[in-house]
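Step one of this worksheet: look at the structure below.
Please treat every number below as a calculation from the coordinates, not as lab data. All figures in this text were calculated on a predicted structure; none of them were measured in a lab. Positions of Cβ are generated from backbone atoms using ideal geometry, with glycine treated the same way; all protein chains shown enter the neighbour counts.
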Amino acid sequence: MDFPIAAGRGPIDSVVHPAVQIPSMRVKVAYADQNESLRSAFPVFGELGEEMSASAGEHRWHLLNLERPMDAGTKKYDRLLIASRWLRRTVFDKGSSVFVLGVRHGFADPVDGFDVNAFDWLAWGTVDGCNVRDPSIELATESDAVEIANLYLLSRAEALPFLRRVHGDSEVLAWVRNVLLKRGEVSVARSQGTILGFASLVGDTLDQLYVLPGQYRRGIGQLLLDWAKTRSPQRLSLYTFQRNEQARLFYESQGFRALSLTDGAGNEETEPDMIYEWIPSEK
């Protein structure tokens, strides 16, 4: 089975493998509020947990398991909830301004869809550093097929919700095993045993590049793109959907220029897309 796919085009269906182990990340949160009574409680350090949403609002929250309990006057917290104050940024961005909520000792961990009013508002803060073991770039093997297919489905479901679904999950896995891993070079960005992104190169065409949701803006896409440029140093081309604004901004920031627009007749989703090209002299 072969699909007309290139850097953002291809099969998609409902995600049936949502459980993904995220590598641990140590985060430092500094104080940036006007309430002097809490200043002495910061900075705090902790391990960042999985991303989740609240029952109201569009912000994405992370549980921060503190290395040491935080003493905030008469209350003590061993966990915090943090979210970027700006919807288009994440807590992974160095210097990101964040909301900080306190989870009291003995309280159960919040889950997706939690009520923000159930936790204590503490302060505004800034993320001064996110440290995780740097992902290694490795060539993919057949044993990576299931994880790559899962990442592909998760990433497309989050980043491209407007796409028409044309293939089931089992078809996607078969495509990864029988086509993607055999027709060109596929590399993965792996950290602590987890694939955080992958890229596929067929000749001088960047056929696929996807990053695991929750791991955006951490340089993973940059690492994979740098690998592709190393493998094809004279030229790279790719397709991406016209409505995929984040991908377009990323590629244009990396020296790609748009060559042409299409009406989508060449892809299975019939979604208008565009062709980009990179050559070294134009970066």
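Overview of values
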read-out: Förster radius 22 Å - calculated FRET efficiency between Val202 and Gln234 (Cβ-Cβ, nearest 0.05); value: 0.90
read-out: At most 14 other Cβ within 10 Å, DSSP loop - trypsin sites (Lys or Arg not before Pro), the stretch 114-186; value: Arg133, Arg164, Arg165
read-out: Within a Gaussian network of the chain (alpha carbon springs, distance under 10 Å), most fluctuating of Asp144, Asp112, Asp207; value: Asp112
read-out: Residue with peak Gaussian network fluctuation, the chain [Cα springs, cutoff 10 Å], from Asn178, Asn117, Asn65; value: Asn117
read-out: Loop-located chymotrypsin sites (Phe, Trp or Tyr not before Pro) in the stretch 149-203 whose Cβ has at most 14 other Cβ within 10 Å (DSSP); value: Phe162
read-out: For the chain, fraction of C-alpha pairs farther apart than 22 Å, in %; value: 61
read-out: Extension gain (nm, one decimal) between Arg39 and Ala56, 0.36 nm per residue minus Cα-Cα; value: 3.3 nm
read-out: Prolate/oblate/rounded label for the stretch 119-267 (Cα gyration tensor, a/c 1.5); value: rounded
read-out: Charge-dipole axis of the stretch 163-266 as Lys and Arg at +1 and Asp and Glu at -1 on Cβ define it, positive-most pick from Thr230, Thr205, Tyr251; value: Thr230
read-out: FRET efficiency for Arg26 and Thr141, using Cβ-Cβ distance with R0 set to 22 Å, rounded to 0.05; value: 0.15
read-out: For Lys76, residues with placed amide H under 5 Å, excluding near neighbours; value: His105
read-out: Ratio of the Cα radius of gyration of the stretch 182-283 to 2.2 N^0.38 Å, where N counts its residues; value: 1.07
read-out: Count of Lys pairs (Cα-Cα under 25 Å; at least 8 positions apart or interchain) in the chain; value: 5
read-out: Rounded to 5, the percent of DSSP beta bridges in the chain classed as antiparallel; value: 95
